[in-house]
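First the structure, in the form of structure tokens, and then the observations on it.
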Amino acid sequence: MHKNEPLLSVIVPVYNAEKYISQCVNSILQQKHLALEIILVDDGSLDESGTICDLFAKKNYCVKALHIKNGGIAKARYEGIKIAKGRWVTFVDADDWISENAYRDICFEDDCDIVVTGICEYTNDGREIMHMPYFKEGIYEREEIVSEIIPIMLWNSRENTWALDPSLCTKFFRRKDIQKQLEKVSKVGSDFGEDSMVIYPMMFQVDRIRILKKIYYFHRLRPSGVLPPYIIDEEFIPKLYKVYEYLKDEFRKTAYWDFMKGQLDCFFINSIELKKHCFEYSFFEFAAFFPIEKVSRGSRVILYGAGELGIRYWKQNSLYHFCDIVSWVDRAHEDKQIDNCIIESPEVIKEREFEFVVIAVDNYYIAQGIVLYLSELGVGGEKIVWHSTRVNRQGMKSIFDILKKVSEPVMGQ
């Protein structure tokens, strides 16, 4: 490292953060006893964030302001690291902050590749929720990384969550190592799961990690009742599958794919469980998912059943457009209307053109009775679709087959 070059580059992606960016940058400027640079990457903000970044750069020689076209946090981080000079790199989100002298205890000279620390979640009512690293404090050599960290990093069955928090903001990296991974992820074009796509593949490449059971980073939680954007994103499942496929491809390049594939499935099934506006029950207990593994994407479908399961199927199809529901029928159809859709008598099946009838009933015996009734109407067995919605962890493969179909484009679009 040259005499005037910084030891640490702190990259701050900024998008519409005018309310918080000053607190964020000032907390970094408070760091002492360390040669650092701060790179503010204005990711096409529509508010005054870009102007604030420029003001900080004018007043502080260690601050650089970079303005780019909006491309998401992964792209912003990569553009920042391309102009970074520090031997080490870390990240701070524009609405978060760090404690005073946070970087003083980081041993940048102990020849580690990554340093992992904890995080404090700060609620809008002033409560602090501490999250320490799961692993014991200390240095982990390559053999220990393989034997102790990698086997549970995505999914720790004791805690029913990851053992290694994917957040890049609680970690310090050698710039030359993470720059390659950031470049790859920036080309994926995903605005979801970027941290996971960076940190987990890197664990197969590094030789020495330091776990530090201390908290320097403060993450601002949204007000109670306000869900993160990715939870309410209508493209949640296609984006989730994109991340899943990326990690699967990365893990298959390693010697550890046999035990990583189970971790990967658990990690992402847990992500699906967060999708509250689509699933009201635990995914492991009741996977009320439209049976698109048995229905061609974009085909004409009659939905049979207007109970709870039928409503779920209807709403899921409205979100993800699996197929064209030409009629929604139920024997108890009189004066029944759901989401401005009139429920019709099953007798209309004889008049409709369709490829499939999807039976939205969970009870096996009731479903078989409907199958018999449809047969009497002349509907062939190859057109009748019903499946049990009860699944367990052994059913994950079929679930991810479903995710793949959700992510496929509709023919003609």
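Listing for the model above:
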{"item": "For I39, I370, I81, order by how many other beta-carbon atoms lie within 10 Å, fewest first", "result": "I370, I81, I39"}
{"item": "Sites matching chymotrypsin sites (Phe, Trp or Tyr not before Pro) across the stretch 290-347 that sit in DSSP coil, with at most 16 neighbouring C-beta atoms within 10 Å", "result": "none"}
{"item": "R0 of 35 Å, Cβ-Cβ distance R297-T123: FRET efficiency to nearest 0.05", "result": "0.25"}
{"item": "13 Å beta-carbon shell around N156, net charge (K/R +1, D/E -1)", "result": "-2"}
{"item": "Potential lengthening between E144 and K213 on full extension [0.36 nm per residue; Cα-Cα distance subtracted]", "result": "23.1 nm"}
{"item": "Total charge dipole magnitude, the stretch 300-389, about the Cα centre, Cβ charges on Lys, Arg, Asp, Glu only, Debye to nearest 20", "result": "180"}
{"item": "Pairwise FRET efficiency - K187 versus E48, Cβ, R0 = 30 Å, nearest 0.05", "result": "0.45"}
{"item": "Ranking of T90, T117 by count of other Cβ atoms within 10 Å, fewest first", "result": "T117, T90"}
{"item": "Whole-Å distance, taken between Cα centres, linking the stretch 10-68 and the stretch 333-368", "result": "57"}
{"item": "For the stretch 122-186: rounded, prolate or oblate by the Cα gyration tensor [a/c cutoff 1.5]", "result": "oblate"}
{"item": "Förster radius 35 Å - calculated FRET efficiency between M130 and D339 (Cβ-Cβ, nearest 0.05)", "result": "0.20"}
{"item": "Signed unit charges on C-beta, dipole axis of the stretch 8-226, positive-most listed residue V14, S196, L221", "result": "V14"}
{"item": "Only Lys, Arg (+1) and Asp, Glu (-1) charged, at Cβ; the stretch 8-226 dipole about Cα centre in debye", "result": "500"}
{"item": "Neighbour-count order for C24, C62, C323, fewest beta carbons within 10 angstrom listed first", "result": "C62, C323, C24"}
{"item": "Cα gyration tensor category, rounded, prolate or oblate, for the stretch 300-389 with a/c compared to 1.5", "result": "rounded"}
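Just so you know, all these numbers are worked out from the coordinates, no wet-lab data involved. Bear in mind the structure is a predicted one, so any value in this text is a computation, not a measurement. No Cβ is skipped: glycine too gets one built from the backbone with ideal geometry, and neighbour counts run over all protein chains shown.
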